[in-house]
Structure formats: structure tokens, C-alpha cells
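Notes follow the structure.
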Amino acid sequence: MTIEKIKLLRKELHRYPELSGQETETARRIKKFIEKHHNTKIIENIGGNGLAVIYEFSNNGPTIVIRCELDALPIEEVNSFEHCSLNSGISHKCGHDGHMAIVAGLVFWLKKQDFKKGKVALLFQPAEETGTGAPDVLSDYRFNELHPDYIFALHNIPSQPLHSIITINGDFSSTVQSVAIHLQGKESHSAEPEHGVNPALCIAELIQKFEKLNNNDPTKEDFRLCVPIYSSMGVKSYGISAGFGEIHYTLRTKSIEKMERLKQNVESLLIDVCPKHKLPHTTSWFDYFPAVVNDGFCNQVIKETAKNSNFDIIKKSTAFKFGEDFGWFSEKYKGAMFGIGAGIESPALHQANYDFPDEIIETGMTMFKGIIERILTH
């Protein structure tokens with residue numbers, strides 16, 4: 001059966017995960033699967049390791065892009081099932097293996113269609129987890145030559161009922177930005193710390209003051225979340241008082257404008273704290289994800305498709321706290337994301353025991369089919 005082939009693809013992709021920017025074999029597996037089941041136009045190496053699979057029904061009418069992600073995460077899998085990751089320290093803990101299987105599975109349906117207008121592009125995007133994949137695709141002239149009119153994507157959502165469709169008007173996800181703060185002190189003998197500049201107390205004070213910036217309530221307009229990700233200082237030599245250190249944070253807000261204000265708060269905090277400890281500092285900002293903003297028309301198409309397919313619709317009033325580089329697409333094109341419930345008892349995203357539920361592959365395919373039909377037949 002077709003669905004069994006798609007599930008086997010999902011498990012194959014799960015066994016061989018690759019990190020952001022390194023998804024060469026993942027792209028090859030997708031290309032091989034599609035070519036095996038239908039000979040259609042494929043654009044390779046789009047935005048890096050990406051693929052775009054093209055179905056052109058007519059030169060007239062809208063172009064719809066259905067987007068999914070190729071990359072996995074640097075997490076060691078703890079599951080023991082047969083399709084467990086074979087690549088040490090890397091695993092699909094965000095469900096991108098399932099997203100890819102859903103989108104690749106659409107070829108079985110698309111090859112049978114005879115729409116009188118329009119074009120469909122299945123986009124397998126690299127490097128979502130670092131926020132660099134979408135802007136790289138957008139800077140690729142071959143993507144721009146597709147002249148997309150609409151772009152859609154989904155994300156599996158643990159803790160929500162299986163097969164439920166989660167919709168949000170306006171912002172679907174948060175604006176996210178990461179920062180590394182480097183502190184340069186001075187080493188000394190650990191018997192004479194007064195002759196050096198140790199960053200320990202500065203790091204401790206910064207951690208406390210970062211915590212005071214937080215308002216971890218996504219229902220509030222001033223929602224902002226500063227989460228410590230990584231820290232280090234000195235070397236493992238116990239006769240040396242540490243002379244350098246660094247701390248890394250990820251910041252989350254409701255909007256791009258609020259993120260700029262939070263970044264200013266961080267910079268002011270550093271200017272206040274670091275000189276007190278006689279520590280010059282530098283900051284590096286990276287892994288930026290603008291908020292996904294759902295277009296009104298595209299979101300309505302999602303809702304109508306879910307209703308016509310008899311799926312339970314959960315209307316969420318606030319954006320998800322996670323970041324999604326689909327926000328780069330929603331800045332330029334009319335687009336929208338929706339969620340699919342991955343089960344009430346499902347482990348959370350990015351947990352070491354997470355596994356995408358095969359049961360919702362057909363749900364995702366049904367949604368994308370319905371979205372394409374609504375736009376290309378109305």
C-alpha cells in the first residue's frame with residue numbers, strides 16, 4: 001500500500017539523520033524516493049542541500065509551495081525501536097522526518113491530478129534548526145523564478161490530541177534570537193586570585209539579572225523569555241584562577257519589535273555589569289527566527305480544509321513559544337502554518353525519546369491535498 005511505503009520512508013529518514021547544512025544524504029534519499037514513484041522536475045541544491053519538486057499544470061494560475069524541513073538535531077536518541085538513529089549524537093527529535101514523509105507522499109496524489117491552472121512545488125528545505133535555511137532558499141534565484149503565490153507548512157504538536165488541527169490567527173510562532181557573551185579577564189595563580197580577573201562573579205550576576213528580564217507568560221504582550229543554553233570559564237587546571245568565560249542565551253518575544261527592545265535591555269545589562277567586574281565583553285548574535293505571521297486568506301483555507309475533512313480544530317489564541325524559520329517566508333509571501341496533534345502522551349519536541357507518530361502522516365497529507373485543491377479549483 002502507498003501509505004506503507006511512505007511510513008517506511010519516514011523510518012529510513014529517522015535512521016539516518018543529518019545536522020543543519022549537512023543534509024546531503026537526506027536529500028539524496030528524498031530524490032531517490034520521488035524518482036522511483038514519479039518522473040517529474042526536481043531542482044537540486046536549492047538554498048544549499050534543498051530540493052524543489054515541481055508539478056506544473058498550467059502557465060496560468062497561482063503557484064503553491066508546500067514546505068518541509070530536512071535537518072535533525074544534535075541529540076543522542078534513547079529509544080530502542082528498530083528504526084532508531086544510527087548516527088551517533090544526532091536524531092530527529094523535532095519530527096522533520098515525519099514532515100518530509102508527508103510532503104514526499106504527495107507525489108502519489110499529484111501525479112494523478114489534472115488541475116486546469118497553477119503549479120505546485122514541494123520544497124524540502126535545509127537548515128531550519130539554525131534559522132539559516134529559509135533565507136538561503138529565498139536568496140536562490142531558482143526559487144524566486146518559481147514566483148510563489150502561497151506557501152504552506154505544518155508542524156507536529158505534542159500534548160495535543162492525535163489528528164487535531166491547531167490554527168492561530170496572526171502570529172503562529174515567536175521571534176527567537178540567540179546570543180553568545182564572551183568575557184575576557186586575566187589568569188592568575190589560584191593561590192593568588194587577587195592578581196587576576198576571574199569572570200565567575202560576573203557570570204553569576206548576569207545569570208541572575210537575565211532571569212529578572214523574564215515574563216514567561218505567552219498570553220501577555222510583554223512576553224519575553226531568556227533561557228541559558230551554555231556556559232564555560234577557565235580550564236581544568238586547578239592551580240589557575242579562570243581568566244575568561246562565556247555564556248550563551250536564547251531569547252524569545254512576541255514580535256520583531258519586542259525582540260529589538262529585549263536586545264537593548266541585554267546590551268544595557270552588560271554595559272552595567274561587566275565593567276564593575278573589570279571584564280571587557282563582546283557579544284555575538286546568531287540563529288535568528290522572525291515570527292511566523294499567518295496570512296488571513298491562507299489561514300482561512302487551512303480552517304476550511306480541516307472542517308471539510310472532519311478534523312477537530314483547535315483554535316489557539318497565542319503564538320507558540322518555539323521559533324520557526326518559516327517566518328522568513330511569511331515576511332515575503334502569503335503563507336500560513338498549522339499544527340497537527342501528535343498525541344496527548346507524546347514526549348515533547350527536542351526530548352531524547354521523541355518519535356514522530358506515523359498515525360498522523362495521512363492527516364498531514366489530507367490537509368495539504370485539500371489546501372491545494374481549494375486554491376487550484378476555485
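For the reader, a short list of remarks on this structure follows.
- Residue match in the stretch 42-55 (condition: of a type in the set (Ser, Thr, Tyr) and not in a loop (DSSP other than H, G, I, E, B)): yes
- Near pairs, Cβ below 9 angstrom, 6+ apart or cross-chain, from the stretch 194-212 (β-branched (Val, Ile, Thr)) to any residue that is part of a loop (DSSP other than H, G, I, E, B): Val197/Gly185; Val197/Glu187; Val197/Gly243; Val197/Lys278; Val197/Leu279
- Filter pass, Ala180 being open to solvent by less than 10 Å² (accessible area, probe 1.4 Å) and either touching a Lys or Arg at 6+ places or on another chain (Cβ under 9 Å) or free of Cβ contacts under 8 Å to residues at least 24 places away in the same chain (or both): no
- Residues of the stretch 136-153 satisfying the condition of being open to solvent by 10 Å² or more (accessible area, probe 1.4 Å) and either over 23 Å from Ala104 (Cβ atoms) or not in a loop (DSSP other than H, G, I, E, B) (or both): Asp136, Leu138, Ser139, Tyr141, Arg142, Asn144, His147, Tyr150
- When we screen Asn299, Asn353 for residues that are assigned to a loop (DSSP other than H, G, I, E, B), over 16 Å from the mean Cα position of the chain (by Cα) and modelled with pLDDT of 95 or more, the only hit is Asn353.
- Residue match in the stretch 277-286 (condition: assigned to a helix (DSSP H, G or I) and out of contact with any Lys or Arg (no Cβ under 8 Å at 6 or more places or on another chain)): yes
- Close pairs from the stretch 83-109: first over 18 Å from Glu128 (Cα atoms), partner assigned to a helix (DSSP H, G or I) and hydrophobic (A, V, I, L, M, F, W, C), Cβ under 7 Å, at least 6 apart: Gly105/Ile6; Gly105/Ile361; Gly105/Met365; Leu106/Met365; Leu106/Phe368; Val107/Ile34
- Look at the stretch 230-246: where a residue is within 22 Å of Lys278 (Cβ to Cβ) and a partner is crowded, with 18+ Cβ neighbours inside 10 Å and among the β-branched types (Val, Ile, Thr), sitting 6+ places away or on another chain with Cβ atoms under 8 Å, you get Ser231/Ile203; Ser231/Ile247; Met233/Ile203; Gly243/Val197; Gly245/Ile203; Glu246/Ile181.
- Flag if Gly185 is of a type outside the set (A, V, I, L, M, F, W, C), over 30 Å from Lys369 (Cβ atoms) and open to solvent by less than 60 Å² (accessible area, probe 1.4 Å): yes
- For the stretch 193-238, the tally of residues that are within 26 Å of the chain's Cα centre (by Cα) and of a type in the set (Asp, Glu) stands at 4.
- Count of the stretch 189-219 residues which are at pLDDT below 95 and touching a Lys or Arg at 6+ places or on another chain (Cβ under 9 Å): 1
- Residues satisfying the stated conditions in the stretch 42-95, i.e. in contact with a Ser or Thr (Cβ under 6 Å, 6 or more places away or on another chain) and either loosely packed, with under 15 Cβ neighbours inside 10 Å or acidic (Asp, Glu) (or both): Asp71, Glu77
- Residue list for the stretch 154-177, filter: open to solvent by 20 Å² or more (accessible area, probe 1.4 Å) and either of a type in the set (Asp, Glu) or outside any loop (DSSP other than H, G, I, E, B) (or both): Gly170, Asp171
- Selection within the stretch 293-307: residues that are more than 22 Å from Asp325 (Cα to Cα) and touching a residue at least 40 places away in the same chain (Cβ under 8 Å). The member of this set that is most open to solvent (accessible area, probe 1.4 Å) is Glu304.
- Among the residues of the stretch 188-205, those identified as outside any loop (DSSP other than H, G, I, E, B) and either among the aliphatic types (A, V, I, L, M) or crowded, with 19+ Cβ neighbours inside 10 Å (or both) are Val197, Ala200, Leu201, Cys202, Ile203, Ala204.
- Out of Gly370, Gly364, Gly343, one residue alone is surrounded by fewer than 21 Cβ atoms within 10 Å (Cβ to Cβ), in contact (Cβ under 8 Å) with a residue 40 or more places away in the chain, in a helix (DSSP H, G or I) and of a type outside the set (D, E, K, R). It is Gly370.
- Subset of the stretch 1-37 [part of a loop (DSSP other than H, G, I, E, B) and exposed (fewer than 14 other Cβ atoms within 10 Å of the Cβ)]: Met1
The values are calculated or read from the model by the stated rules, or taken from the named source; none is laboratory data. Model, not experiment: these values are computed from the prediction. Note that we place each Cβ from the backbone using ideal geometry, even for glycine, and neighbour counts take in every protein chain shown. Side chains included, ligands, DNA and RNA excluded: accessible areas come from the protein's heavy atoms. Shrake-Rupley method; radii C 1.70, N 1.55, O 1.52, S 1.80 Å.
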